[in-house]
Amino acid sequence: MRLLGFFICLLILWNGVCDLIYGYSPDLGGSDYFSLKIWETVRTAGGRSHATVMLAQTAGWLYPFYALAYYLWWVGMRPAGLWLSGLPCGLLAYAILMIGGIQHCGWAFLSVLSQAKVVTGCTDQAFYNTAETFILEHFMLGDLTALAAFYMGSIWHAGAIISGRTSFPRWFVLVSPLGALVFTLVLGLIMPAPWAGLILAPFGTWFMLIPCLAVTLWLGRFSTPKPDQFPE
């Protein structure tokens, strides 16, 4: 169990590198990542080369492994029953798999037009804007179910821990997916440039890494989790 968890954590680190390729900008402060200013970085991949952007897609290959982290969570949550263990963990696993396919394998397509424009010297701005809008619309539609599962699963998962019926203490919600997401976004928001990008560009990595590391360490300590093993 511990070896599986640490293996997944190591793989997730590569996701952080790819996140930085897609979304890091040293010029953006925390609040800028919550404004339209981030769109310029996303749609151009920060001006990084075509080869570098293709490299960022490779993290998408690893998301089936990342989804295995929710097996570890299910092991610790199963005393709470199907509704508070299998279903929230299943939603989060689905979200991770979809995000891997749509975002990390598909995110690169958002920057294709800007890369092609540089290479060809295209001056037809109307065509460029229309094609960019259509690509974004397809991307948003493809990501719709992933986002729904992402937020619903995170809240449901946190609620299950707070219920006290899992094998985790209630404070463990702080290192749950929802806890990691809130902490990352709040910390990134108050950070100035260039440090904000190191927190917010790979926010999806922190969302996976912090909970996976926490559950790995906890289950490594308690190899056979039972509700009465964990003091409140």
Checklist entry - Is there any pair linking a residue in region 103-126 that is modelled with pLDDT under 80 to one that is not in a helix (DSSP H, G or I), with Cβ under 8 Å and at least six apart or on different chains, and which? => result Q103/D143
Checklist outcome for this item: For I162, the lone unmet condition from (1) more than 20 Å from L92 (Cα to Cα); (2) open to solvent by 40 Å² or more (accessible area, probe 1.4 Å) is (1)
Next on the checklist: Quick check on region 176-198: of everything there that is in contact (Cβ under 8 Å) with a residue 40 or more places away in the chain and either crowded, with 23+ Cβ neighbours inside 10 Å or farther than 10 Å from G29 by Cα (or both), which residue is farthest from the chain's Cα centre (by Cα)?
Outcome noted: A196
Checklist outcome for this item: All conditions in (1) open to solvent by 20 Å² or more (accessible area, probe 1.4 Å); (2) of a type in the set (V, I, T); (3) part of a helix (DSSP H, G or I) are true of T123 except (3)
Checklist entry - Which one of these is outside any loop (DSSP other than H, G, I, E, B), modelled with pLDDT of 80 or more, crowded, with 21+ Cβ neighbours inside 10 Å and not charged (D, E, K, R): I96, I135? => result I96
Item to check | Of all residues making up region 99-114, the number that are open to solvent by less than 30 Å² (accessible area, probe 1.4 Å) and not in a helix (DSSP H, G or I) | outcome: 1
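The values are calculated or read from the model by the stated rules, or taken from the named source; none is laboratory data. These numbers were taken from a predicted model, which means no experiment stands behind them. So basically every Cβ, Gly included, is an ideal-geometry build from the backbone, and we count neighbours across all protein chains shown. These accessible areas exclude ligands, DNA and RNA; they are computed on the full protein's heavy atoms, side chains included. Shrake-Rupley method; radii C 1.70, N 1.55, O 1.52, S 1.80 Å.
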